[in-house]
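The values are calculated or read from the model by the stated rules, or taken from the named source; none is laboratory data. Just so you know, these numbers come straight off a predicted model, no measurement behind them. Don't worry about glycine lacking a Cβ; one is built from the backbone with ideal geometry, like all the others, and counts go over all protein chains shown.
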Amino acid sequence: MKPCDKITRSLSAGADPAGPELAPHLAACERCADWAESITALDAAWSATRPAEPPAQLFDQIWSRIDAQPTRLPFPAGPSRAALRRLAAAASILVGLGLAWLWGLSRANPRQPDPRTSPPLATTPAVAYQFEAEPGETLFLHITPDGRVEADIRDPATTSETITVAAEFEILNFMESQAADAL
Amino acid sequence: MKFLRLLYSALLLVAGFGPPRVAAQLSPVAPPPPPANATRQVTVFGILATPSDDALDPKLEPIAEQLRVLFPGHGFRLLGTETRRLRVQGDLTCDLGLGYAAHARLINPLDSNGKVQLRFELDRYGQLEFATLVTTPLNQLFFCDRRFPDGTRLVLGIGVRP
Ligand SMILES: [Zn+2]
């Protein structure tokens, strides 16, 4: 693991930025210092607005409400027209890449699909959707109750949502460590 | 062969990659295949997000503010999280309860843009609801949220590390 990765992970785990382990690196590395700052800001916002803990059965009630709803999605479902327009507008969804990829496949072997790119599960229908995210972008795929799929891309460069990127990284760290602990 | 290279370059241009720095260096034409033994740490998790109340699962307390940055005005419950180091075509399943399960399969551990490609699926009692191919930079999450008629969301997050 690179030193900066170690530092950001320690910060995520709640290490003190002013402590002897982190302080020297943070003083020398702007990227990690920015990181520490955004985490401190998040922590402060959290302690100021922390909600009450829910009664234990609350989420069970919510889950059973979901269970009672008609939620069967039609599959495979193609993208809706609105979704297609959005996709067309989103520069990072690389139709061209798909073309290059298909062309690469046909060039490599016109008869047989490349096992690296064909649908991997024999019993699984082909995917109807393909998306690509750029560095720093957050890709949200929304599946509506009637089975439409809408792509939403948050780009910190154009929306000054740098805090989103920090939040994401924190969530990934946390989830990875929780899952690893459970092993 | 020269024509194929030109065509490939044109397709890359269409795809928004910008001009190759030196066209003559575009050899071999196809990006080199990733090493067969390449692995990636893939993490999949599921959270129930409720707009009707801002209740918080105590297990999610360490990242509550981060979740609220991404999904303002929601309560959150952790449904499941799984992480595994995957080889090419390796997969992992995250059970979410109520018959829901999220699956991720590593398709390409490193493409020519330095990204990974995953196949992601959501099913319920083995019945596929959604499947997609996503190409993403490393160390970055993408989200898929399955919305229910009452506004509740099943939020799935997927992240890949080197
Ligand atoms: Zn650093």
Next on the checklist: Among the residues of the stretch B:94-125, what is the count of those that are part of a strand (DSSP E or B), more than 19 Å from residue A:141 (Cβ to Cβ) and among the hydroxyl-bearing types (Ser, Thr, Tyr)?
Outcome noted: 0
Checklist entry - Does residue B:135 fit the bill of being facing another protein chain (nearest Cβ under 9 Å), closer than 17 Å to residue A:135 by Cβ and among the polar types (S, T, N, Q)? => result yes
Next on the checklist: Among the listed residues A:38, A:12, A:47, identify the single one that is at pLDDT 70 or above, more than 8 Å from the ligand (Cβ to nearest atom) and closer than 19 Å to residue B:59 by Cα.
Outcome noted: A:12
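Residues checked against (1) buried (at least 21 other Cβ atoms within 10 Å of the Cβ); (2) touching a Lys or Arg at 6+ places or on another chain (Cβ under 7 Å); (3) not aliphatic (A, V, I, L, M); (4) not assigned by TED's automatic domain parsing to the domain that holds residue B:146:
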site: B:51; (1), (2), (3), (4): no, no, yes, no
site: B:59; (1), (2), (3), (4): no, no, yes, no
site: B:75; (1), (2), (3), (4): yes, no, yes, no
site: B:80; (1), (2), (3), (4): yes, no, yes, no
site: B:89; (1), (2), (3), (4): no, yes, yes, no
site: B:98; (1), (2), (3), (4): no, no, no, no
